[in-house]
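The values are calculated or read from the model by the stated rules, or taken from the named source; none is laboratory data. Owing to the predicted nature of the structure, the values given are computational and were not obtained by experimental measurement. Accessible surface areas use protein heavy atoms only, side chains included; no ligands, DNA or RNA. Shrake-Rupley method; radii C 1.70, N 1.55, O 1.52, S 1.80 Å.
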Amino acid sequence: MHINSDTLATLKQSYPPNTRIKLIHMDDPRPVPAGTCGTAQFIDDIGQIHMKWDNGSTLALNPVSDRYEPLV
C-alpha cells in the first residue's frame, strides 16, 4: 500500500484520534464484522487507521481496500 503525503495529511485531518468510525466492509481474511463501530487511535506513516473496535479487536483499517464511514 502506498499513500502520498497529501492523502496522508487529509486522512489525519479527517480522522483525528477519538473519531468514531463504522465499518462497512473490511478486505481481510479475518475481518472485523461489518457494522462494527470503533474509535480511531492514530494513523501511521503508511495511512493505516489504527482502531479500538467496540468488539475488542484492534485491527487497523486500510483506507485503500476497506470501506468505512465516520459516525456523526
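Can you match Cα Rg over 2.2 N^0.38 Å to one of these, [x] 1.69; [y] 1.00; [z] 1.09, based on a calculation from the structure here? Working out Cα Rg over 2.2 N^0.38 Å from the coordinates points to [y]. To the nearest ten degrees, helix 5-14 and the longest principal axis of the Cα atoms of the chain are 50 degrees apart.
For the chain, the share of accessible area belonging to carbon and sulfur comes to 50 percent (1.4 Å probe, ligands and nucleic acids excluded).
At 1.4 Å probe radius, can you tell me the per residue accessible area of the chain in Å²? I get 63 Å² per residue for the chain.
Subtracting the Cα-Cα distance of residue 54 and residue 41 from their residue separation scaled by 0.36 nm leaves 3.4 nm.
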